[in-house]
Amino acid sequence: MTRLPIHLLPLLLLGSMLLPSPAIADPYFVQCYDFGCKTTRELRFNEHQWDEIKALFTSGVVDSVTEKQAIRRAIAMMERMSGEQTDTHLDRGGNYPGSDIPGQMDCIDESTNTFQYLSALEQLELLKWHRVDTKQRRIVWFATHWTASIREIDSNQLFAVDSWYRDNGEMPYIQPLADWSQKREFPSSFNPELATN
């Protein structure tokens, strides 16, 4: 075994500090639409779009409350960006008002896409107070509904992130999963725009 001369050790340490750390690859998506993921399309955001998304998490996000609002804004922005590459820019909230519109999404499509968007935010290390959890399902009076979800790290509480109720590019609703499972009203504490309606 050959030993490294001791006088070269500082150069080796300096060199390792100057090497760039491995870059995180920008995520891509398989956009899901036309009810039950009948149509799928692979898409990517460009560098400028990722910069816009990342900017939502760089200022003013100081706790889990403000991060939830950044998540809502990011999901809305990502929906708009995806809609520019697919027919989903026409999507209307719910199933029936736009069932004849190309690119319309049901809750399976919406929850799948939102789960992917949230996973991308986590992959890019933008989430500090939340982790992405599994898709969640509720059954109320024989009606099944799906949502994406996040888990607040400090409290370990699960929250629904439900974009199905909103038109393309509008912020999804956030609600404690226990309330979402009972189909309770979305609270203005997590969805401030509801306080003005």
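Here are a few things to note about the model shown:
- For first residues located in segment 53-81 and more than 13 Å from residue 127 (Cβ to Cβ) and modelled with pLDDT of 95 or more, partners that are among the polar types (S, T, N, Q) and assigned to a loop (DSSP other than H, G, I, E, B) and lie 6+ apart or on another chain with Cβ distances below 6 Å form the pairs 79/168.
- Top-ranked residue of segment 103-145 - restricted to ones that are free of Cβ contacts under 8 Å to residues at least 40 places away in the same chain and over 15 Å from the mean Cα position of the chain (by Cα), ranked as farthest from residue 44 (Cα to Cα): 141
- Residue in segment 126-142 that is among the basic types (Lys, Arg) and more than 30 Å from residue 49 (Cα to Cα) present: yes
- Near pairs, Cβ below 8 angstrom, 6+ apart or cross-chain, from segment 185-196 (free of Cβ contacts under 8 Å to residues at least 12 places away in the same chain) to any residue that is assigned to a loop (DSSP other than H, G, I, E, B): 194/186; 194/187; 194/188; 195/188
- Close pairs from segment 37-49: first farther than 15 Å from residue 110 by Cα, partner among the hydroxyl-bearing types (Ser, Thr, Tyr) and in a strand (DSSP E or B), Cβ under 8 Å, at least 6 apart: 42/28; 43/28; 44/28
- Matching residues, segment 69-87, being in contact with a His (Cβ under 9 Å, 6 or more places away or on another chain), surrounded by 20 or more Cβ atoms within 10 Å (Cβ to Cβ) and not β-branched (Val, Ile, Thr): 79, 82
- Within segment 31-68, considering residues that are assigned to a helix (DSSP H, G or I) and among the hydrophobic types (A, V, I, L, M, F, W, C), the one surrounded by the most Cβ atoms within 10 Å (Cβ to Cβ): 53
The values are calculated or read from the model by the stated rules, or taken from the named source; none is laboratory data. Predicted model, so just to flag it, every value in this text is computed and none were measured. Reconstructed Cβ throughout: ideal geometry from the backbone, glycine too, with neighbour counts over all protein chains shown.
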